[in-house]
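Before any comments, here is the structure.
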Amino acid sequence: MDWLQIFVLSIVQGLTEFLPISSSAHLILVPVFTDWDDQGLVFDVALHIGSLSAVVLYFRHELVGMTTSWCRSLAGRGTDDEARLAWWVILATIPVGLAGLAFEDVIQEVMRSPLVIAGGLIGFGLLLAWADWRRRGGRSEYRLTWRDALWIGGAQALALIPGTSRSGITMTAGLLLGLSREGSARFSFLLSIPVIVLAGGLEILHLAGAAAPVDWGALILGALLSGISAYLCIHFFLVFIQRIGMQPFVVYRLVLGVALLWLFGGA
């Protein structure tokens, strides 16, 4: 991998992991529109570590409070809002974990085409637009119930389809359940932590026993760039959606989806 490829893939991963525009779609499309070879699982793991570091750092205070309260609830010392939020993150992670294990081969072999990505971008983009226009409410992530968490977790499983966007579909589900834009986004970001850990762990299992050479310089640079861009993305996205909303991302999804249909629809 040359430095340009490392830079582009790292920035793409860092930005699209948390924007509602599908990181998997963009990482699939980068090699489609360039002459670059696939970057490989080792580099993917490094990029995910960078994104994970960013969201953990950004929500470090919330995570400390959630973890402390969750441990207290396990010890039978009562359940407060932070403990419940921690439980809802765990509960909402179960559906995507099960779906990932069940359908991993199908997703990798069948659903990584530009046309599938186009359908996901357009279809779920329109659903996000409707949820943001007509259904959003004022609840924060701390006002979720266990039923809400299951609904959002079930929606998150759809993100295994390239083009759906994990952050996009979980924010959409949150808006449909009456969360505010910021509340749905913050819960989506918190929910990304166990998902990235699970996805990274699965990729590491795939690498176990592999004798491929490791370019440590590329991995460290990729993780660093992915982490910086992801951290900035989280910060500015939360400010942006309070002022403007989700519609610019919907427009981007629709334009990209239509462009993919035009380019590959006759293939």
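The values are calculated or read from the model by the stated rules, or taken from the named source; none is laboratory data. On a predicted model such as this, the values are computed, not experimentally measured, just so you know. A quick note on method: Cβ atoms are made from the backbone with ideal geometry, for glycine too, and the neighbour counts reach across all protein chains shown. Just the protein is used for accessible areas: all its heavy atoms, side chains included, with ligands, DNA and RNA removed. Shrake-Rupley method; radii C 1.70, N 1.55, O 1.52, S 1.80 Å.
In table form, for the structure just shown:
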read-out	value
Pairwise centroid distance, computed over Cα atoms, of the stretch 108-175 with the stretch 1-74, Å	18
Selected from R136, R84, R243 as most flexible by GNM, with the chain as the system and alpha-carbon contacts under 10 Å	R243
Hydrodynamic radius (Kirkwood) for the chain, which is based on Cα pairs only, to one decimal in Å	18.9
Largest-first ordering by accessible area, 1.4 Å probe, given options L177, L74	L74, L177
Average projection area in nm² (convex hull over Cα atoms of the stretch 1-143, one quarter of hull surface)	11.3
Estimated translational D of the stretch 143-235 in µm²/s (Stokes, Kirkwood radius over Cα pairs; 25 °C; 0.890 mPa s)	162
Cα-projected label distance for Q247 with L150, points at 7 Å along beta-carbon direction, nm	3.6
GNM top mover of I161, I220, I169 - the chain, alpha-carbon springs below 10 Å	I220
Percentage relative contact order, the chain, counting C-alpha pairs under 8 Å, at least six apart	36
About the Cα centre, charge dipole magnitude for the chain (Lys/Arg +1, Asp/Glu -1 at Cβ), debye	1240
Per residue, in Å², the accessible surface of the chain once ligands and nucleic acids are set aside, probe 1.4 Å	48
Area accessible to solvent at H48, 1.4 Å probe radius, in Å²	30
Phi-based couplings in Hz for the stretch 172-178 (Karplus 6.51, -1.76, 1.60; Gly and Pro marked x)	4, 4, x, 5, 5, 8, x
Residue with peak Gaussian network fluctuation, the chain [Cα springs, cutoff 10 Å], from L256, L121, L225	L256
Label-point gap, in nm, between R134 and L238 - each point 7 angstrom along Cα→Cβ	3.1
Carbon + sulfur, % of accessible area of the chain - ligands and nucleic acids excluded, 1.4 Å	68
